[in-house]
Amino acid sequence: VKEIDVNEPRYTSTVGQKFNKDGSVRTFPGNTVISKITPDMPVYKGLVEIQDRLEALDSAGRYGFLPPSSFHMTVIEGVCDQVRDSAKWSSMLPLDMPLEDVTRFVLEHYRKLSPPRSLRMRINRASFARLLLIILEPADDATAQALRKFRDQFANETGIRFKNHDTYTFHISLAYRLIEMTEEQERPFQELQDEAGPALSASYPVIEMNPPVLTTFENMFRFDDIC
């Protein structure tokens, strides 16, 4: 019987999917609708500063950090080539359909939609646990209604409607946890979480988002517009 090495890292499900054990990014192609966080947006600087502080923590090597050039708020989850599950796929398409054909179908139907031109979001809180996230919420009723209408229209057109469609949490991802951590290792992240959420919210009370765009990706480091 093989003895268990208590010092052997316990990897999360992200390893082998979106990242490798050494923290390098893996191929994980798909499509998604996002609102990009670009350097001209005031909040971009604040996010980079928070990410720099997270990367300086002792256990930061247990996370796979995303480049600031990839920062975005997901507006609508699309499909991923390696996640061929009916709950995470279009109800209008077969599960074995090539991703390129799925994306072509999505693009065709996306062109029938009118994405909202104005989205005003605000920071709800920071969540620094298995994922390092900044949680967002609509800053006004107009944005909430625009997002709901757009997401419903997209789902009706493409057949992509996940179980959390009506409860989806908008967020900006900063990093993915790769290796499990002890409570002691997690503590600095929790302390920074409690500080970062209110600080970002105070500095950026309303975030004027870029309009949503349909994108494709080969991995989590880059998202390319296709519409």
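The values are calculated or read from the model by the stated rules, or taken from the named source; none is laboratory data. Keep in mind it's a predicted model, so treat the numbers as computed, not measured. We place every Cβ from the backbone using ideal geometry, glycine too, and count neighbours over all the protein chains shown. Ligands, DNA and RNA are excluded from the accessible area calculation, which covers all protein heavy atoms including side chains. Shrake-Rupley method; radii C 1.70, N 1.55, O 1.52, S 1.80 Å.
Pick from the range 110-155 the residues that are touching a Phe, Trp or Tyr at 6+ places or on another chain (Cβ under 9 Å) and of a type in the set (S, T, N, Q): which of them is nearest to CYS227 (Cα to Cα)? Lay out the reasoning, then the answer.
Going residue by residue through the range 110-155, those that are touching a Phe, Trp or Tyr at 6+ places or on another chain (Cβ under 9 Å) are 110, 113-116, 121-124, 128-132, 135-138, 147, 151, 154-155.
Going one step further and asking which of them are of a type in the set (S, T, N, Q), we end up with 114, 124.
Working: SER114: 11, ASN124: 29 Å.
Filtering the range 110-155 for residues that are touching a Phe, Trp or Tyr at 6+ places or on another chain (Cβ under 9 Å) and of a type in the set (S, T, N, Q), the one nearest to CYS227 (Cα to Cα) comes out as SER114.
Quick check on the range 63-100: of everything there that is under 30 Å from MET121 (Cα atoms) and part of a helix (DSSP H, G or I), which residue is farthest from the chain's Cα centre (by Cα)?
ALA87
Name, by its number, the condition in (1) of a type in the set (Val, Ile, Thr); (2) open to solvent by less than 20 Å² (accessible area, probe 1.4 Å); (3) more than 28 Å from LYS18 (Cα to Cα) that does not hold for ILE172.
In the conditions (1) of a type in the set (Val, Ile, Thr); (2) open to solvent by less than 20 Å² (accessible area, probe 1.4 Å); (3) more than 28 Å from LYS18 (Cα to Cα), ILE172 misses (3) alone.
Within the range 209-227, track down each residue that is surrounded by fewer than 13 Cβ atoms within 10 Å (Cβ to Cβ) and among the acidic types (Asp, Glu).
Of everything in the range 209-227, those that are surrounded by fewer than 13 Cβ atoms within 10 Å (Cβ to Cβ) and among the acidic types (Asp, Glu) turn out to be ASP224, ASP225.
What number of residues in the range 200-227 are assigned to a helix (DSSP H, G or I) and free of Cβ contacts under 8 Å to residues at least 12 places away in the same chain?
Here the count works out to 1.
Take the range 110-145 and flag every residue that is open to solvent by less than 30 Å² (accessible area, probe 1.4 Å) and either without any contact (Cβ under 8 Å) to a residue 24 or more places away in the chain or not in a strand (DSSP E or B) (or both).
TYR110, LEU113, PRO116, ALA139, THR143, ALA144
Return the only residue of SER59, SER86 being surrounded by 16 or more Cβ atoms within 10 Å (Cβ to Cβ) and hydroxyl-bearing (Ser, Thr, Tyr).
On the way: SER86 fails: surrounded by 16 or more Cβ atoms within 10 Å (Cβ to Cβ).
Matching residue, one of SER59, SER86: SER59.
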